[in-house]
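Engineer: Encoded as structure tokens, here's the structure I'll be asking about.
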Amino acid sequence: MGREAGDQQLLGKTLGVWEITRFYAPVASTSVFIAITFNVLNSSMARMPDASLALAAFAVGSSVGDIFALPAMSAQLWWMSRGRDRRTFWHGLRIMSPLMLVGVFLAALLAYTPLGPVVYHTLLGAPTELESGITAVMRVAVFLPIVMFLRAAGQNTLILCRATHYMTLAVTTRLFYVLLVAAFVPRFATLSGALVGAFLWVSGLGVEALVCVWASRRIYHRFPAGNKEAPLPSPAAIWQFLLPLVGTNVLLSLRNPLLNAGLAQTVAPELSLAVHRVAWSVAWVLIAFIQQGFNKAVVVFWQDRFTLEALTRFVYRLAFFLTALMLLLVLTGGTDWFLGQVVGAPREMVRASRWPLLLMSLMPLPVAGIELCTGRLLRLGATRAIGVSKATGLIVLVVTLWSGGSSLGATLGALGLLTSSCAEYVVASYSLRSLGAHPPSVSA
């Protein structure tokens, strides 16, 4: 009743910039800290003797590892929707644990059997000289499903108890940990650069997960115990809810492997993969202010035409500002300085990153549209439409990569991301036309 009263009260006043900012700033800052962390990883690998090979191998290996780790994150959506007390939370944990174990098994299968090279080279088209680096990444990524599952469990309690400031603390701790370790690990020149990146990646996530679990234990007393007389959801009901989410996450996790496979067909595959990895990490620092976060604000605040207009104005003003800022940094040499002096990328990679970064500067605009549409579709319960739009984006990405010309190098990857984002927005926007212009009532 308290939440319903709050929602009804929100209907009676104009949604302003301050209300949106107060809710969205912690979410956006968490994404930005994660983006900065990946720039630290790239900087560590760029300073190793095998910089280009390390960055390319890490790009391929991490994208494959994500496929096995991201489905476990679907569990968090079930917990937020159904596991809203201790009793149901632990029941869901027992039922959904196989997601984590299957991810570990599949990752180990690629890391320690001959199946791995078949996937890397035959399916993804990675050059053979990257095999040792990719294998090193995958052997560390075997632990990734466990780490991601723990982080999701900890974050669920923090979100439901409205203690999201602990999530910011967790990702900040992860950043400082990575900075500290990165200052010492690259001094060991005998280590593989890809192994260094993989260790910082997975261990950093582990530190974040531990902080989330620690914080959730601190506020666990605020988590409702649950009604012992109420029936628990059946395993079939849990999996019926979960499997479509797992499928969507797997679909999303295919984007990076497809990108890497396309870039592996370019004239200089190692350089293209490394440049794309570095350029995207820099661009993501700004794109992360919108991507995969603003849809939460739409779900919370969208109540009528006026709130939708306020949300639309907010996100598009933010998108135009980010695009202008990124273009300014690229055209004035700011990104060249950052890549050369801060990341430590070789001069050849810095020069090759300019055109990819110019194209990536336009991405906040379609991403803003995607986030608006995704939030509305989630509120309407039209998750199938979200899957269709994501699948369309992947199809356009593949078509762009395999018809764009191998001479474009890393620019081909940026072009693929831009065109696929535009296609995803068009399909998601079209889906809303047949689903209604207003969210369901609070009492529905």
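Engineer: Kindly establish whether residue 345 is of a type in the set (Gly, Ala, Ser) and in a helix (DSSP H, G or I). Don't jump to the end; show me each part of the working.
Structural biologist: Numbers: of a type in the set (Gly, Ala, Ser): yes; in a helix (DSSP H, G or I): no.
Considered against the rule, which asks whether it is of a type in the set (Gly, Ala, Ser) and in a helix (DSSP H, G or I), residue 345 comes out as no.
Engineer: Which numbered condition trips up residue 283, out of (1) without any contact (Cβ under 8 Å) to a residue 24 or more places away in the chain; (2) among the aliphatic types (A, V, I, L, M); (3) within 23 Å of residue 260 (Cα to Cα)?
Structural biologist: Unmet condition: (1).
Engineer: Right, another one. Residues to consider are 306, 338; find the one that is surrounded by fewer than 19 Cβ atoms within 10 Å (Cβ to Cβ), within 27 Å of residue 54 (Cα to Cα) and more than 19 Å from the chain's Cα centre (by Cα). If you could, list the steps in order and put the result at the bottom.
Structural biologist: Numbers: 306 fails: within 27 Å of residue 54 (Cα to Cα).
None of the other options fit; the residue is 338.
Engineer: Let me ask you something else. With respect to the numbered conditions (1) within 17 Å of residue 107 (Cβ to Cβ); (2) surrounded by 22 or more Cβ atoms within 10 Å (Cβ to Cβ); (3) within 19 Å of the chain's Cα centre (by Cα), which one is the sole condition not fulfilled by residue 146?
Structural biologist: It is condition (2) that residue 146 fails.
Engineer: Go through (1) assigned by TED's automatic domain parsing to the domain that holds residue 349; (2) of a type outside the set (Ser, Thr, Tyr); (3) within 24 Å of the chain's Cα centre (by Cα) and name the single condition residue 268 misses.
Structural biologist: Answer for residue 268: the failing condition is (3).
Engineer: When the residues of segment 241-291 are narrowed to those that are of a type in the set (Val, Ile, Thr) and farther than 23 Å from residue 328 by Cβ, which ends up surrounded by the fewest Cβ atoms within 10 Å (Cβ to Cβ)? Break it down stepwise before answering.
Structural biologist: At the first step, the residues of segment 241-291 found to be of a type in the set (Val, Ile, Thr) are 246, 248, 250, 266-267, 275, 278, 282, 285, 287, 290.
Filter once more, so that each one left must be farther than 23 Å from residue 328 by Cβ: 246, 248, 250, 266-267.
Details: 246: 19, 248: 20, 250: 15, 266: 23, 267: 11.
Selected residue: 267.
Engineer: Taking residue 196 as meeting all but one of (1) under 30 Å from residue 85 (Cα atoms); (2) buried (at least 19 other Cβ atoms within 10 Å of the Cβ), write down the number of the exception.
Structural biologist: Checking residue 196 against (1) under 30 Å from residue 85 (Cα atoms); (2) buried (at least 19 other Cβ atoms within 10 Å of the Cβ), the one that fails is (1).
Engineer: Check every one of the helices (runs of 4 or more DSSP H) wholly within segment 352-440 and list those with 2 or more residues that are more than 23 Å from the chain's Cα centre (by Cα). Reasoning before the result, please.
Structural biologist: On the way: elements: 354-360, 364-380, 383-403, 410-433.
In segment 352-440, the matching helices (runs of 4 or more DSSP H) lie at 354-360, 383-403, 410-433.
Engineer: While we're looking at this one, here's another question. Checking residue 321 against (1) surrounded by fewer than 21 Cβ atoms within 10 Å (Cβ to Cβ); (2) under 28 Å from residue 60 (Cα atoms): exactly one of these is not met. Which one?
Structural biologist: Residue 321 satisfies every listed condition except (2).
Engineer: While we're looking at this one, here's another question. For segment 46-73, what are the residues that are surrounded by fewer than 24 Cβ atoms within 10 Å (Cβ to Cβ), under 18 Å from residue 242 (Cα atoms) and at pLDDT below 75?
Structural biologist: 70, 73
Engineer: Here's another thing I want to ask about it. Name the residue that is surrounded by the fewest Cβ atoms within 10 Å (Cβ to Cβ), counting only residues in segment 92-140 that are out of contact with any Phe, Trp or Tyr (no Cβ under 8 Å at 6 or more places or on another chain) and of a type in the set (D, E, K, R).
Structural biologist: The selected residue is 94.
The values are calculated or read from the model by the stated rules, or taken from the named source; none is laboratory data. Just so it is clear, the model here is predicted, and its values are computed rather than measured. All Cβ positions, glycine included, derive from the backbone under ideal geometry; neighbour counts span all protein chains shown.
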